[in-house]
Structures are given as structure tokens and as C-alpha cells.
1. Once the Cα gyration tensor of the range 11-80 is found, what semi-axes does its equivalent ellipsoid get, as square roots of 5 times the eigenvalues, in whole Å, sorted largest first?
2. Just to check I understand the Karplus step: with θ = phi - 60° and J = 6.51 cos²θ - 1.76 cosθ + 1.60, what whole-Hz values come out for the range 99-104, glycine and proline as x?
3. Pop the C-beta distance of residue 139 and residue 14 into the FRET formula with R0 = 41 Å and round what comes out to the nearest 0.05.
4. Determine the sum of side-chain charges near residue 15: Lys and Arg each +1, Asp and Glu each -1, restricted to other residues whose C-beta is under 13 angstrom from that of residue 15.
5. Just 174, 136, 34 to compare: in a GNM of the chain, with alpha carbon springs under 10 Å, which one fluctuates most?
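Bear in mind these aren't lab numbers, they're just calculated from the coordinates by the rules spelled out. Computed from a prediction, not measured in an experiment: that's the story for all the values here. Cβ sites come from the backbone with ideal geometry, for glycine too, and all protein chains shown count toward neighbours.
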Amino acid sequence: MSTSLWRQHILPFSVLLGLLGLAALAGDALLHRFNLVWIGRYLGIPGTILIIGSLVYSLRKRKYLHSGSPKTLLQFHELTAWLGSLLVLLHAGVHFNAILPWLATLAMGVNVISGLVGKMLLDRSRRHVQSQREHFQLRGLSRPEVEQAVFWDAVTLDAMARWRKVHIPIFIVFAVLALGHIFSVFLFWGWI
């Protein structure tokens, strides 16, 4: 069962997170290799636009928007947030110029990990607990016996289901730090 748990739950999560890190490192290496580091300076703009665009799903989910399929918008949210995060990571590069951008990047990274936890682990865990319930019911256990057999899995699932209570505040911290960074860029570039 642990191999199945690893393959079905942990590995996809690790692969998506690893791909984001590898793509950011490879992209940064390519920018440096071809002396195009200056492009990275501007990748934060489309990255931020993609991340803002990913919020359409949240607006639909909270019924501020009434059109669009929630499933399609969730896929759009996941894709645009991942691509936007990649562009922001390329924008950040390996340059340590100021603390505010790095705090924003760190908050974005934590938010991405939080989002992946919600996407990968919560959904799969929910299906796992349901399949365990069905398995015990097929073995002829009564409803109270089934609930007792899956009790700790259900408690864990309930705790995991509260991940949004962490994901949204982390996003707010990221947004405030990102806005502070953007404001400081405008200020130092003399645009304000």
C-alpha cells in the first residue's frame, strides 16, 4: 500500500514541484548562457499577469463570476499560476538585489506548494478514503465499523481539507509583498 501511496499521491506532487524548479533553473541558465539576463528583468510582468489571470477561478468559485465551467477554470487556474510562477522565478533569477522581491518570491513559492498540496494530495486522499469505505462495506462491515476503520484517514482528510485556510492567507501575503515590490520598482524607476 505504501508503494501505491507514494506513486499515487507523493510522486505526482513532487514531479510538478520539481519540474517548476528545474524549468526555472534551466531557463535562468539559458538566459545567462546567451547573455540575455536582461530579459529576465521583464518576465515578472507577464508572470504577474498570468497569476492575476489565474484568480478568475477563485472569483467563479466565490460566485463573483457566474459564467465558465468550474472544472475548466480550475485547470486554467492551475496552468496559469504554474506558468506565472515560472516566469516570476525566472524574473527573480539568482540575483540578490533587495529583500522585498525575495520575500515576495518566497511567499509565492510557499503559495505554489500550498496550491499543489490542494490539487494533488487532497483530491487523491479524498478518493482514497472513499475507496477504503467502499472496500470495508464490500467486506460486510456495518456502517459504524466502516467509520471506525477509516476514522484516522477521515480525520487526516478533514485536516487536509482545511488547506484553503492556509492557501488564501499565504496568497494575500504574496500579493502584498509583490505589490510592494512593484510599487518600489515604479518608484525607483521614476514612474511615480
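1. Value: 30, 17, 7 Å, ordered largest first.
2. Per-residue couplings from phi come out as 6, 4, x, 6, 5, 5 Hz.
3. 0.80
4. +2
5. Of 174, 136, 34, the most mobile in the Gaussian network model is 34.
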